[in-house]
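**Q** Sharing a structure with you now.
The values are calculated or read from the model by the stated rules, or taken from the named source; none is laboratory data. None of the values given here were measured: they were computed from a predicted structure. Quick reminder, even Gly has a Cβ in these numbers, built from the backbone with ideal geometry, and neighbours come from all protein chains shown.
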């Protein structure tokens, strides 16, 4: 076994963020009396993804993202809303969502049986990610959960991984691999930190970035097979 420490991204890798987001948005928009919820969702989802991309590229701060995305959403439809209040309500609803992808729990069971140490490494808001992990039932699988808000740095910064390494007993870059779906966050982050990466790409997306995954897999079974060969 060439790797000992497996760093797992959460959203879109183990946790089904799209499903969680859809439920939480529905609850928030209903609470705000929105009648055509789908139109609001259709605008919010790509806007939110663009804001997270801006955060990765350091164009905005996490606080700016969190506090303004819902005021921007409602402003697009001609309504003035308190973005901070809406952010708190959304976080409340999202933290209760624990949807995971089929086979995720079995994958982690399998990896622990094989002797790997599992760690979560996620860009996100602490209350949301810890709540969702608890709801999902995945929390006990991880020796530790590293969240960008707590580390005060985020993927793809090399500092994110440096701070993780400082908290893992016996940490070695050579014995570590980052597993995730995002080329710009997970894979580029591993590249920046000098850590091997496994790009989880179930939708067979084309790599149009500067990130270079060490390995690429399209399923949990393929992930296990890659690790078996190493």
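**Q** Name the residues in region 205-230 that are assigned to a strand (DSSP E or B) and out of contact with any helix residue (DSSP H, G or I) (no Cβ under 6 Å at 6 or more places or on another chain), would you?
**A** 216
**Q** Continuing with the same structure: Output the residues belonging to region 1-38 that are over 22 Å from the mean Cα position of the chain (by Cα) and without any contact (Cβ under 8 Å) to a residue 12 or more places away in the chain.
**A** Those that are over 22 Å from the mean Cα position of the chain (by Cα) and without any contact (Cβ under 8 Å) to a residue 12 or more places away in the chain: 30, 33, 34, 35, 36, 38.
**Q** While we're on this one: Among the residues of region 32-47, how many are surrounded by 14 or more Cβ atoms within 10 Å (Cβ to Cβ) and more than 23 Å from residue 125 (Cα to Cα)?
**A** The qualifying residues number 2.
**Q** Somewhere in region 62-71, is a residue in a helix (DSSP H, G or I) and more than 25 Å from residue 185 (Cα to Cα)?
**A** yes
**Q** I'm checking my understanding of the structure. Among residues of region 76-108 that are assigned to a helix (DSSP H, G or I) and free of Cβ contacts under 8 Å to residues at least 12 places away in the same chain, which one is surrounded by the most Cβ atoms within 10 Å (Cβ to Cβ)?
**A** So, considering only residues that are assigned to a helix (DSSP H, G or I) and free of Cβ contacts under 8 Å to residues at least 12 places away in the same chain, the one surrounded by the most Cβ atoms within 10 Å (Cβ to Cβ) is 92.
**Q** Out of region 131-151, which residues are free of Cβ contacts under 8 Å to residues at least 24 places away in the same chain and out of contact with any helix residue (DSSP H, G or I) (no Cβ under 8 Å at 6 or more places or on another chain)?
**A** 140
**Q** Would you confirm, using the coordinates I've provided, whether residue 201 is closer than 21 Å to residue 2 by Cα and within 19 Å of the chain's Cα centre (by Cα)?
**A** no
**Q** Mind telling me which of the residues 29, 73, 10, 55 ends up being surrounded by 18 or more Cβ atoms within 10 Å (Cβ to Cβ), within 30 Å of residue 159 (Cβ to Cβ) and not assigned by TED's automatic domain parsing to the domain that holds residue 113?
**A** Selected residue: 55, the only one of 29, 73, 10, 55 that is surrounded by 18 or more Cβ atoms within 10 Å (Cβ to Cβ), within 30 Å of residue 159 (Cβ to Cβ) and not assigned by TED's automatic domain parsing to the domain that holds residue 113.
**Q** So in region 55-67, with the set limited to residues that are more than 16 Å from residue 83 (Cβ to Cβ) and free of Cβ contacts under 8 Å to residues at least 40 places away in the same chain, which one is farthest from the chain's Cα centre (by Cα)?
**A** 59
Residue-by-condition table, conditions (1) closer than 18 Å to residue 180 by Cβ; (2) surrounded by 20 or more Cβ atoms within 10 Å (Cβ to Cβ):
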position	(1), (2)
49	yes, no
64	no, no
112	no, no
117	yes, yes
